[in-house]
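**Student:** To start, I am sharing the structure in question, which I have written as structure tokens.
The values are calculated or read from the model by the stated rules, or taken from the named source; none is laboratory data. Just so you know, these numbers come straight off a predicted model, no measurement behind them. Cβ sites come from the backbone with ideal geometry, for glycine too, and all protein chains shown count toward neighbours.
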Amino acid sequence: MSKRDYYEVLGVGKTASKDEIKKAYRKLSKKYHPDINKEADAADKFKEIKEAYEVLSDDQKKAHYDQYGHTDPNMGGGFGGADFGGFGGFEDIFSTFFGGSGGRRRDPNAPRQGADLQYTMSLKFEEAVFGKETEIEIPREEECETCFGTGAKPGTKPVTCTHCHGTGQLNVEQNTPFGKIVNRRVCNHCNGTGKLIPDKCTTCGGTGKVTKRKKISVNIPAGIDDGQQLRVSGQGEPGVNGGPAGDLYIVFHVRSHEFFERDGDDIYCEMPITVVQAALGDEIQVPTLHGKVNLKVPAGTQNGTRFRLKGKGVANVRGYGQGDQHIRIRVVTPTKLTDRQKQLLREFAELSGENAPDENEESFFAKVKRAIKGD
Ligand SMILES: [Zn+2]
Ligand SMILES: [Zn+2]
């Protein structure tokens with residue numbers, strides 16, 4: 001059986017870049033992976049794609065292939081040692097791009113970064129606006145001091161796992177319509193570490209880790225908003241086998257305020273004024289996050305009129321300026337009137353007569369009147 005050209009298999013040109021080859025492989029391997037594609041020839045196609053990629057993604061093998069074409073396996077030369085047999089789990093396709101060693105699982109004893117941690121912090125409205133320095137206590141796993149993280153009782157040592165011979169993986173053979181498939185999975189005897197601990201450390205119970213509460217000081221930047229998060233580098237769980245620690249992510253929940261509302265860097269509020277203040281005008285005091293501010297309300301101010309106090313909002317958390325405070329006027333109609341007040345209002349109405357209270361509203365009042373008459 002003659003083999004198809006590797007470039008043809010991946011559907012790329014002879015001059016394709018490494019990136020293009022990788023992309024083509026990724027796409028095709030997803031399409032033909034036997035876990036996904038149930039067509040009869042999917043397994044063969046997948047094998048062919050994988051083989052083509054193993055060669056074209058390796059500079060040395062690619063150069064050899066470009067010069068000599070397919071190497072005859074009977075000649076014993078070339079790259080006969082490559083293992084195209086097992087399919088592995090679906091994720092193996094993707095680990096190929098990181099490992100570089102052709103789909104084999106990483107070494108269980110290689111350094112690995114510790115897990116990231118998440119912490120939710122509740123803030124008062126003003127704390128989010130102005131930021132603050134605080135200390136938090138987070139429970140996190142740290143290396144056991146009794147056994148220095150080995151999990152073995154002092155004076156004893158972990159031994160190589162007899163089930164997986166220290167590889168941390170077991171091969172499981174499976175008969176399928178496509179033939180025998182070898183799946184690799186994490187060794188359940190040693191949980192992939194490749195080691196067994198005959199005498200467990202009593203402090204940590206053999207895990208090599210203990211949970212400790214650690215205090216971390218956090219500088220919350222001014223202008224942080226609800227739902228935003230802050231990354232504290234290196235404050236996650238410790239790394240494994242000497243790898244770097246993970247990161248700590250603090251997610252903020254900002255409580256609401258009884259008077260102010262916030263939208264991004266802008267603050268919104270509603271100011272009540274009396275009918276008299278609205279009609280005659282007045283200077284009112286408006287609370288802001290930065291102290292009270294005097295605001296001139298002109299005579300004839302309508303309900304719903306908006307004013308803006310520039311720069312009285314929230315400082316942008318990334319340093320892009322400062323928001324504004326927006327005020328919406330609410331004219332409050334009095335409900336409890338004394339007899340004298342009622343009398344004065346009736347006099348006011350008589351003086352106003354049929355006239356609209358504002359010349360701009362004249363046409364609106366006229367419309368209402370016409371609607372009542374049914375014109
Ligand atoms: Zn221990
Ligand atoms: Zn094992």
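To keep it simple, each residue is scored yes or no on (1) within 14 Å of VAL9 (Cβ to Cβ); (2) modelled with pLDDT of 75 or more; (3) basic (Lys, Arg); (4) loosely packed, with under 11 Cβ neighbours inside 10 Å.
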| position | (1), (2), (3), (4) |
| --- | --- |
| LYS31 | yes, yes, yes, no |
| GLU54 | yes, yes, no, no |
| PHE87 | no, no, no, no |
| PHE90 | no, no, no, no |
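**Student:** Quick one: would you say ARG340 is over 38 Å from the mean Cα position of the chain (by Cα) and among the basic types (Lys, Arg)?
**Tutor:** yes
**Student:** Residues in the stretch 190-219 that are in a strand (DSSP E or B) and under 14 Å from PRO154 (Cβ atoms): how many?
**Tutor:** Residues in the stretch 190-219 being in a strand (DSSP E or B) and under 14 Å from PRO154 (Cβ atoms): 1 in total.
**Student:** Out of (1) farther than 20 Å from THR120 by Cβ; (2) part of a loop (DSSP other than H, G, I, E, B), the odd one out for CYS269 is which?
**Tutor:** So CYS269 meets the others, but not (2).
**Student:** Among the candidates LYS200, LYS214, which residue alone is closer than 30 Å to ARG255 by Cβ and either of a type in the set (Lys, Arg) or within 12 Å of ligand 2 (Cβ to nearest atom) (or both)?
**Tutor:** Going through LYS200, LYS214 in turn, just one is closer than 30 Å to ARG255 by Cβ and either of a type in the set (Lys, Arg) or within 12 Å of ligand 2 (Cβ to nearest atom) (or both): LYS214.
**Student:** List the pairs whose first member sits in the stretch 144-172 and is under 16 Å from ALA110 (Cα atoms), whose second member is modelled with pLDDT under 90 and near ligand 1 (Cβ under 9 Å from one of its atoms), and whose Cβ atoms are under 8 Å apart, counting only residues at least 6 apart or on separate chains?
**Tutor:** Here the result reads GLY149/GLU143; GLY149/GLY208; GLY149/LYS209; THR150/GLY208, each pair linking the stretch 144-172 to a residue that is modelled with pLDDT under 90 and near ligand 1 (Cβ under 9 Å from one of its atoms).
**Student:** Out of everything in the stretch 197-209 that is of a type outside the set (S, T, N, Q) and at pLDDT 90 or above, what residue ends up being farthest from ligand 1 (Cβ to nearest atom)? Step through it out loud before you land on a result.
**Tutor:** Within the stretch 197-209, the subset of a type outside the set (S, T, N, Q) is 197-201, 204-206, 208-209.
Cutting the leftovers down to at pLDDT 90 or above gives us 197-201, 204-205.
Working: ILE197: 10, PRO198: 14, ASP199: 11, LYS200: 8, CYS201: 3, CYS204: 3, GLY205: 8 Å.
In this case the residue turns out to be PRO198.
**Student:** Has the stretch 159-177 got any residue that is within 14 Å of ligand 1 (Cβ to nearest atom) and part of a loop (DSSP other than H, G, I, E, B)?
**Tutor:** No, because not a single residue in the stretch 159-177 is within 14 Å of ligand 1 (Cβ to nearest atom) and part of a loop (DSSP other than H, G, I, E, B).
**Student:** Taking the condition part of a loop (DSSP other than H, G, I, E, B), at pLDDT 90 or above, more than 16 Å from ligand 1 (Cβ to nearest atom) and crowded, with 17+ Cβ neighbours inside 10 Å, does ILE224 pass?
**Tutor:** Spelling it out, ILE224 is indeed part of a loop (DSSP other than H, G, I, E, B), at pLDDT 90 or above, more than 16 Å from ligand 1 (Cβ to nearest atom) and crowded, with 17+ Cβ neighbours inside 10 Å.
**Student:** Which of (1) surrounded by 15 or more Cβ atoms within 10 Å (Cβ to Cβ); (2) closer than 30 Å to PRO139 by Cα; (3) not hydroxyl-bearing (Ser, Thr, Tyr) is the odd one out, the single condition MET271 does not satisfy?
**Tutor:** That leaves (2) as the condition not met.
Results for (1) of a type in the set (Asp, Glu); (2) modelled with pLDDT under 90, shown as yes or no for each residue.
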| position | (1), (2) |
| --- | --- |
| ARG330 | no, no |
| LYS336 | no, no |
| GLN341 | no, no |
| GLU361 | yes, yes |
| PHE364 | no, yes |
| ALA371 | no, yes |
| ASP375 | yes, yes |
